[in-house]
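I have placed the structure first, in the form of structure tokens, so that the comments after it can refer back to it.
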Amino acid sequence: MAENDGKARIDFVDAARFLGIFLVYYGHVVERVMQLGNADAALQYKFIYSFHMPFFFLIAGMIAKDWSMGTGPRAFLWSRVTSRLVPFLFFNLLLCGLSLLHKPDFPPFPLSTPGDYLNAWIATLTWLSFFNVPTWFLMALVSVEILHYAVFRFLRGSTPRIVVAALLFYAVGYVLNDAYAFFPNWNIWLWNEAITMYAFYLGGIILVRMEIARWLGARQMALAVAVLGFALVWLTYDLNQGPFRLGYDAVVIVAAAHGHWLLFPATALLGSIALLAAGRLVQSWNWMRYLGRNVMVIFCLNGVVYHHVNGPFAAWLSADGQPGVASLTAAATILSILLIAAILSLVYLLERYLPQLIGRPTVAGPLLPRLS
């Protein structure tokens, strides 16, 4: 990617990240409606989940710093502690405190006794963040970044080598997770799925080296790629018939449930590139870029609605019978917009006063010093 493309690259990536986080909010709403037996919600869930989490790993690769070049292990690990582990702990502590006032209705983890809370914290620190389930992504990302630090020093000099490595990591990760169900309990910091997701992380690096920002430079091209990409995902996502896990007929990355070995990466890459193209179309919207830059906070705060809001809303929406596709889409869209709008003041306050706790360790805030 040419150096003078830097600003455009950042802008469209930030905008695309917000579009991705909107799909997270929307997907979690329709998940709860799906659990009440709504077939339309199940299809929407399967469509979104066919690509939206691999997209975030791909984006992470696009903006990744090559820590293996000139950075020692201690400095690298401290950077992961301050930029990943600190926000992970902060947002899980926040939701742990909230659970004392209002018990989460989903997932059905017991939180009635001190022993329950101890077990929940053991799980949170090892294989799944019970108090704030969406933050499992940070666990997986740390494992991916550790793998990247160890491996990329041998790959950086050759794009073909990176392509081969991406294919190999995908193949190994897919075969391993297809053969063994590590989730729950044995997927410590999602090490098993980190192998598969590292392929998408490397995919992001490959897209940067292929100058994707230049490909999408013309709005007509970006529009064509977005429309074609989403259309192809829509035409193919339901062809993936598994095998899946957790009783869901869909890709679920946290459980390393991918389904078909070829259809999964195909829809994941098509959807991710379509999202990037859509981000190019709206990159001039300042508010969307701002939200994209704060995607970690918005992502982690989704735990509040995931555990406390979406369930009651789904029950209300389905109280008089299963909603049709139009009413479901409208309701889930409106709720997702309202939820994101409702947390913006908290996003601003955390960015202003506690940036060190939300993944910005190099920033000195008024309440705490910089962490690195």
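Every read-out reported here was derived from the displayed coordinates using simple, explicitly stated rules and does not represent laboratory data. Worth saying up front: this structure is predicted, and the values here are computed from it rather than measured. Heads up, the Cβs are rebuilt from the backbone with ideal geometry, glycines too, and the neighbour counts pull from every protein chain shown.
Just a few scattered comments:
- Charge dipole magnitude, Cβ of K and R +1, D and E -1 - the stretch 3-358, Cα centre, debye nearest 20: 960
- Separation of the stretch 241-316 and the stretch 13-92, taken as the distance between their Cα centroids, equals 7 angstrom.
- With the biggest extent put first, the Cα atoms of the stretch 103-149 measure 41, 19, 10 Å across the principal axes.
- Charge dipole (debye, nearest 20) of the stretch 42-132; +1 at Cβ of Lys and Arg, -1 at Cβ of Asp and Glu: 220
- Exposure proxy order (Cβ contacts within 10 Å, fewest to most) of 112, 99: 112, 99
- Rg and Dmax [Cα atoms of the stretch 238-318; Å; Rg one decimal, Dmax integer]: 16.5, 42
- Selected from 332, 190, 87, residue furthest toward positive end of dipole (the chain; charges at beta carbon): 87
- Distance between the modelled labels on residue 234 and residue 218, one decimal in nanometres: 2.4 nm (7 Å Cα→Cβ projection).
- Prolate/oblate/rounded label for the chain (Cα gyration tensor, a/c 1.5): rounded
- Full extension of the chain between residue 153 and residue 327 gives 57.6 nm of extra length, using 0.36 nm per residue less the Cα-Cα distance.
- Hydrodynamic radius of the stretch 1-158 by the Kirkwood approach over all distinct alpha-carbon pairs: 18.3 Å.
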